[in-house]
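Some notes on the structure that comes next.
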Amino acid sequence: MGLMRMAARTAVVAGTATAVSGRVAHRQAAKYNDQAAEQQAAAAPAPAAPAEDDQMTQLQNLAQLHTQGVLSDEEFAAAKAKVLGI
């Protein structure tokens with residue numbers, strides 16, 4: 001009987017150690033995954049400049065060309081409508 005009791009106790013201790021070890025490993029993996037996700041989010045590229053800024057720049061260039069006489073009134077109006085998507 002003593003041998004069976006000792007074997008049972010060893011099995012319980014080993015099972016408990018395995019369960020605790022697995023839980024610790026799971027928590028560490030989750031922690032490292034969270035850290036990696038945060039680092040990826042921080043390293044994400046900055047969003048592209050809004051299209052509105054690009055439109056404004058194009059309109060300013062067109063206005064400058066119109067003022068210089070390079071574009072006629074009709075050409076300026078057509079180019080402006082194209083930039084604005086009208």
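The figures follow:
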read-out: Stokes-Einstein translational diffusion, the chain - Kirkwood Rh over all Cα pairs, 1.002 mPa s, 20 °C, in µm²/s; value: 109
read-out: Sequence ranges 55-64, 22-31, 69-78, ranked by mean other-Cβ count within 10 angstrom, highest first; value: 55-64, 69-78, 22-31
read-out: Directionally averaged shadow of the stretch 1-44, computed from the convex hull of its alpha-carbon atoms, nm²; value: 2.5
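Only the coordinates and a few stated rules stand behind these numbers; no lab work does. Small disclaimer: the values here were computed from a predicted structure and weren't measured. Neighbour counts are summed over all protein chains in view; Cβ atoms, including those assigned to glycine, are modelled from backbone coordinates with ideal geometry.
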